[in-house]
Amino acid sequence: MCVTAVESRPAGALGTSTGRRPSGARLKGFVALTKPRIIELLLITTVPVMFLAEQGVPDLWLVLVTCFGGYLSAGGANALNMWYDRDIDALMDRTSQRPLVTGLISPREGLAFGIGLAVVSTLWFGLLVNWLSAALSLGAVLLYVVGYTMILKRRTAQNIVWGGVAGCMPVLIGWSAVTNSVSWAAVILFLVIFFWTPPHYWPLSMRVKDDYARANVPMLPVLAGNKVVAKQIVLYSWVMVLVSLMLTVLGYTGWFYTVVALLSGGYWLWEAHGLLNRAKGEITGAKLKEMRLFHWSITYVSILFVAVAIDPFLR
């Protein structure tokens with residue numbers, strides 16, 4: 001299902017002049033453009049994969065270089081996302097204080113900052129890690145900025161499904177940083193994040209669907225009822241848990257990862273089915289408790305990937 005894209009406001013029409021803002025506040029604004037809290041989650045999926053690829057402790061300098069390069073890459077993509085979306089960000093309560101909306105950072109500065117980080121991160125990976133990781137990093141930026149932000153987000157309810165591919169790339173980058181290749185183990189973890197992303201994000205978008213409706217962004221909860229969204233969440237959740245167990249089936253992980261994957265995945269499914277049951281019961285508002293699954297989803301992916309890192313030492 002498609003909708004008409006939101007009309008962009010003229011560049012510079014949002015917020016106020018940047019000229020009188022304190023330098024400290026502007027520095028914080030540039031940091032905010034990188035969305036540090038989201039990048040923390042990306043790094044959680046990068047480092048453990050490096051342990052699995054090494055089957056032990058990877059070179060710590062390589063880990064630091066890879067993490068910093070990942071921060072630059074994701075930060076550039078996030079800055080470009082905010083630059084392009086500053087018009088709809090101004091319409092949504094949860095994004096109305098972003099630096100490009102308030103005028104703390106000008107659109108030109110935001111654009112230059114985002115492009116600069118993307119270029120530097122690509123060179124950083126190429127020169128200090130390897131060029132395969134550099135290509136994957138650049139691909140992640142393009143997928144997020146062009147594929148998700150510019151093409152999918154404002155046009156289809158499948159935006160977060162296919163747009164989420166960019167968020168899966170750190171898994172491949174972590175593996176390639178160690179091995180200069182991509183294996184089936186990395187592909188499986190890539191798919192775990194791919195199927196994790198929709199049921200992770202849809203509960204949040206259920207909570208803030210009025211924001212998205214106001215900005216005419218076709219997130220699934222805007223276009224469909226809670227029952228339909230919850231059914232999709234359950235479907236993706238089952239596939240995610242089953243895919244996570246493929247690491248064990250194919251012999252890449254042992255008993256420790258398997259136990260963690262089963263227990264954490266089982267609890268996820270319990271929460272997902274609970275949300276579906278509440279949606280079927282026409283429960284709305286705070287009693288729907290959709291954010292319980294959202295918060296657990298972050299804990300789940302952290303626990304699962306920590307298990308990925310620990311498992312090689314227990315085999």
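The values are calculated or read from the model by the stated rules, or taken from the named source; none is laboratory data. A quick note: this is a predicted structure, and the numbers were derived from the prediction, not measured. Here the Cβ is made from the backbone with ideal geometry for all residues, glycine too, and neighbour counts use every protein chain on show. Remember, those area values only see protein heavy atoms, side chains included, never the ligands or the DNA or RNA. Shrake-Rupley method; radii C 1.70, N 1.55, O 1.52, S 1.80 Å.
Calculated mean residue ellipticity, 222 nm, the chain: -22500 deg cm²/dmol, from DSSP H runs (n ≥ 4) at -39500 (n - 2.57) each, averaged per residue and rounded to 500.
Note on the stretch 206-265 and the stretch 272-315: Cα centroid distance 8 Å, given to the nearest whole angstrom. Protection proxy ranking for 70-79, 239-248, 133-142, using the average of other Cβ atoms within 10 Å per residue and placing the highest first: 70-79, 133-142, 239-248. For the stretch 74-106 and the stretch 174-196, what is the separation of their Cα centres, given in Å? With the stretch 74-106 and the stretch 174-196 each reduced to a Cα centre, they are spaced 30 Å. With a cut-off of 14 Å between beta carbons, the residues surrounding A286 carry a summed charge of +4, where Lys and Arg count +1 and Asp and Glu -1.
Taking the 1.4 Å solvent-accessible surface of the stretch 99-174 as the whole, the part contributed by carbon and sulfur is 80%. Measuring nothing but how far apart in sequence close Cα pairs (under 8 Å, 6+ apart) lie, relative to its length, the stretch 65-129 scores a relative contact order of 50 percent.
Take the Cα of L263, step 7 Å toward its Cβ, do the same at L64, and the gap between the two points is 3.4 nm. Once the convex hull of all Cα atoms in the stretch 233-315 is built, its volume per residue stands at 69 Å³. Relative contact order of the chain, taken over Cα pairs closer than 8 Å and 6 or more residues apart, is 22 percent. A 1.4 Å probe run over the protein chains yields, for the stretch 170-239, 35 Å² of accessible area per residue, whole-number rounding.
Taking a sphere under 10 Å around the Cβ of V217 and counting the other residues whose Cβ falls inside, with K and R at +1 and D and E at -1, yields a net charge of +3.
Ordered by solvent-accessible area of protein heavy atoms (1.4 Å probe), largest first, the residues I283, I233 come out as I283, I233.
Sorting M82, M150 by accessible area puts them as M150, M82; the probe is 1.4 Å, largest comes first, and only protein heavy atoms count. For L128 and L142, the difference between the fully extended length at 0.36 nm per residue and the C-alpha to C-alpha distance is 2.9 nm. Span-like helix check, the chain: qualifying full DSSP H segments, with Cα axial length of 30 Å or more and mean Kyte-Doolittle of -1.0 or more, are 60-84, 107-128, 184-207, 255-280, 290-310. Taking 28 Å as the straight-line reach from the Cα of K227, the lysines in range (excluding those fewer than 8 positions away in the same chain) are K153, K209, K280, K287, K289.
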